[in-house]
Amino acid sequence: MGGGRPKAFLELAGEPLLSRAAAAFDASPSVAGIVAVVPEAEVASARSLLAPLGKLRAVVAGGERRQDSVREGLAQLPREFAGVVLVHDAARPLVAVALIESVVAAAAEEGAALPVVPLVDTVKRVHGGRAVETLDREQLAAAQ
């Protein structure tokens with residue numbers, strides 16, 4: 001995507017992806033707080049960018065791997081917190097408040113939830129460079 005900056009700081013229609021994604025969570029009635037996890041070199045920039053959000057609780061540096069970054073964000077939760085936690089990649093800036101609300105409701109009911117969409121493509125299992133099986137897309141979904 002070019003530019004040398006992390007994707008979350010690139011702009012879409014003049015607005016950084018991080019701002020767009022965070023604004024949806026800020027507008028969601030079920031979201032109590034937002035913790036942004038960004039590369040260490042971008043912490044100050046992200047704090048400034050997200051300062052207008054009413055639900056922003058913290059901006060922290062992430063880790064080397066995605067799971068390390070998630071752990072850094074979770075470490076910002078109060079020790080006694082027992083609610084639903086949502087993890088979202090700001091490089092997916094078009095998340096809607098309705099989707100956020102739907103995932104929160106499903107996670108509260110089921111213990112965990114993941115938004116998915118049906119597959120429209122034909123999916124093949126490949127072995128040794130050859131297509132060996134067509135997977136039944138009725139049993140598959142793409143995680144959002």
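The values are calculated or read from the model by the stated rules, or taken from the named source; none is laboratory data. For clarity, every value in this text was computed on a predicted model and none was experimentally measured. When we count neighbours, we look across all protein chains shown, and the Cβ atoms used for this are built from the backbone with ideal geometry, even at glycine. The area values use the complete protein model at the heavy-atom level, side chains included, leaving out ligands, DNA and RNA. Shrake-Rupley method; radii C 1.70, N 1.55, O 1.52, S 1.80 Å.
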Requested in this report: Would you confirm whether any residue within the stretch 62-75 is open to solvent by 70 Å² or more (accessible area, probe 1.4 Å), closer than 16 Å to Ala143 by Cα and either of a type in the set (Val, Ile, Thr) or modelled with pLDDT of 95 or more (or both)?
Outcome: no
Query raised in the report: All but one of (1) of a type in the set (Ser, Thr, Tyr); (2) over 28 Å from Leu17 (Cβ atoms); (3) under 13 Å from the mean Cα position of the chain (by Cα) hold for Thr134; which doesn't?
Result: (3)
Report task. Kindly establish whether Leu50 is among the aliphatic types (A, V, I, L, M) and either open to solvent by 30 Å² or more (accessible area, probe 1.4 Å) or touching an Asp or Glu at 6+ places or on another chain (Cβ under 8 Å) (or both). Result -> no
Query raised in the report: When you scan the stretch 51-73, how many residues do you find that are free of Cβ contacts under 8 Å to residues at least 24 places away in the same chain and either charged (D, E, K, R) or closer than 10 Å to Val37 by Cα (or both)?
Result: 7
Report summary line: Checked the stretch 76-101 for anything open to solvent by 70 Å² or more (accessible area, probe 1.4 Å) and among the small types (Gly, Ala, Ser); matches are Ala82, Ala98
Requested in this report: Tell me, please, whether a residue that is of a type in the set (D, E, K, R), open to solvent by 60 Å² or more (accessible area, probe 1.4 Å) and within 26 Å of Phe9 (Cβ to Cβ) can be found in the stretch 102-124.
Outcome: no
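When you scan the stretch 101-144 for strands (runs of 3 or more DSSP E) that lie fully inside it, which ones turn up with 2 or more residues that are of a type in the set (Phe, Trp, Tyr) and in contact with a Lys or Arg (Cβ under 9 Å, 6 or more places away or on another chain)? Give the steps one after another, and end with the answer.
Details: elements: 116-118, 123-127, 130-135, 141-143.
Counting at least 2 such residues, we get no strands (runs of 3 or more DSSP E) at all.
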**Report entry** Filter result (out of contact with any strand residue (DSSP E or B) (no Cβ under 8 Å at 6 or more places or on another chain) and basic (Lys, Arg)) within the stretch 21-79
**Finding:** Arg65, Arg66, Arg71, Arg79
Query raised in the report: Within the stretch 1-39, how many residues turn out to be in a loop (DSSP other than H, G, I, E, B) and either open to solvent by less than 70 Å² (accessible area, probe 1.4 Å) or under 20 Å from Leu86 (Cα atoms) (or both)?
Result: 11
